[in-house]
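Written below as structure tokens is the structure these notes are about.
The values are calculated or read from the model by the stated rules, or taken from the named source; none is laboratory data. None of the values given here were measured: they were computed from a predicted structure. All Cβ positions, even for glycine, are placed from backbone atoms using ideal geometry, and neighbour counts span all protein chains on display.
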Amino acid sequence: MNETRFDARMRDHAATLAYPPTPDIAGRVWARLSAGPQRRPQRALLASVVAVLILCLVLSAVPETRALMLRVLRIGVVQIVAPEPTPTPHVTVPSPRPAAASATPRPTPKPVQAALFPFMGKTTLDAARKSAPFSIPLPSLPADLGQPDLVFIQRQFDEAVVVVLIWMDPSDTTRARLSLHLLSKNVLAQKFAPRVIVKTTVDGHPGVWAEGEYPFVLRSGDIEVRRIVDGNTLIWVRDGITYRLESRMTLDEARKVAESLR
Amino acid sequence: MQTHQQALFRLAFLMLGDAADADDVAQEAFVRAYRAIDRLDAGRPIKPWLLAITANLARNRRRSLTRFAGMLKRLVFNEPALVVPMEQPVVHLAELRHRADALWRAVRQLRAADQEVLYLRHFLALSEAEAAEALGVAAGTVKSRSSRALARLKAAIERDFPELRELVDDA
């Protein structure tokens, strides 16, 4: 490698990065410095702890957010901050055909909310299979699904690896039809306030079904992945890998797709 | 402060990927620097010293619960989500994927130590001596770290960033 040439090219490209506008940091700092006396580090730490406690209390006092604080479930590496689980799904996204037989996705006028850009680590399926420390199976259902349209692999120090597979909706290229996340150990994913949570199984492995729109955040040092499909999510754990299947399918349909992974 | 605020903000933004966090970290860096100004050796350049404080704070911030609390607050109160700028619908992905953003994403795949030396040397265009001051290492160490980081970046580009191939082709 001609390191000098690469070095120079990289410098040129890096110089064109668009940063957010720099705020008036100096003005705020002067305001802070003139506002009060110096705090000792212990006091600052204590203040942080108190601030977090106050935040929790404030959040729990707001009716709309109280449910958020009620329960934290864990399935694989996914934490779900949610209301008490409901025994059966009471929000079901209608689907004209079972997943196994569906040839085309159900059209819906609602635009996709999740943006697919910018995710780190765009790659190909073959490259992801070569570099991921675990196998990347694909669903064989629905029959017309084929290979994913977008593949991302993200890693944090080689210990936390996330693979994201996205199948676009053939009838609407601006939205995703289905996405599958494969999350290794040491990744922390968090999901907030789904409307329905049901414990289930996939091929006998423990799983959770979550319905409703909710923020999903994946944390592995940097936060890069958000929810992709506005629909429901089936999460299950197999051989130490946590799988998340996002779709607009029902639980039964999603489970058939999950059990078709090969 | 106004002379250096942009560099501090940008380094924090590169390390954290969030403008609000970067603003907080840059402010805190100035406050700490102000309180420790007596410990700055006369004749020592101030910019690398400020960047060193910023990098330390950003590293801690990445690991801390503070971001989680902020994120939770933003989610609950429907404030704009954190993270990376220029989020666009996939339909515009091709035309909006600027190579500089791709390069930043490629760098973020590297280890934190590699990221930091590349941010200082290539994104903020610090000299080897300035980067050495900011990292608290010898200039020769910056050179060798940069070289290793560039090699890893090249491998990441070849593996995951076909849109950046031009950068590494015949280089």
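For A:THR124, the criteria (1) within 20 Å of the chain's Cα centre (by Cα); (2) within 9 Å of chain B (Cβ to nearest Cβ); (3) surrounded by fewer than 19 Cβ atoms within 10 Å (Cβ to Cβ); (4) modelled with pLDDT under 80 hold in every case but one, which is (4). For region B:138-147, indicate whether the set of residues that are in contact with a His (Cβ under 9 Å, 6 or more places away or on another chain) and modelled with pLDDT of 90 or more is non-empty. Yes, the conditions are met somewhere in region B:138-147.
So for region B:119-130 (the condition being outside any loop (DSSP other than H, G, I, E, B), basic (Lys, Arg), surrounded by 16 or more Cβ atoms within 10 Å (Cβ to Cβ) and modelled with pLDDT of 60 or more), does at least one residue qualify? Yes, because at least one residue in region B:119-130 is outside any loop (DSSP other than H, G, I, E, B), basic (Lys, Arg), surrounded by 16 or more Cβ atoms within 10 Å (Cβ to Cβ) and modelled with pLDDT of 60 or more. Those residues that are within 13 Å of B:ARG145 (Cα to Cα) and within 10 Å of chain A (Cβ to nearest Cβ), I need them from region B:123-132; list them, please. Those that are within 13 Å of B:ARG145 (Cα to Cα) and within 10 Å of chain A (Cβ to nearest Cβ): none in region B:123-132. For region B:41-55, the criterion of being closer than 12 Å to A:ALA26 by Cα, of a type in the set (S, T, N, Q) and surrounded by 14 or more Cβ atoms within 10 Å (Cβ to Cβ) is met by no residue.
Just one of (1) surrounded by 15 or more Cβ atoms within 10 Å (Cβ to Cβ); (2) more than 8 Å from every other protein chain (Cβ to nearest Cβ) fails for B:ALA138. It is (1).
Counting only helices (runs of 4 or more DSSP H) that sit wholly inside region B:1-90, those with at least 3 residues that are modelled with pLDDT of 90 or more are B:5-16, B:19-35, B:46-63.
Only one entry of A:SER48, A:SER34 meets the criterion of being surrounded by fewer than 15 Cβ atoms within 10 Å (Cβ to Cβ), modelled with pLDDT under 80 and within 33 Å of the chain's Cα centre (by Cα), and that entry is A:SER48. When the residues of region A:184-207 are filtered to those that are at pLDDT 85 or above and either basic (Lys, Arg) or part of a strand (DSSP E or B) (or both), the one that is nearest to B:ARG108 (Cα to Cα) is A:GLY207. Residues in region B:9-52 that are facing chain A (nearest Cβ under 7 Å) and not basic (Lys, Arg): 10 in all.
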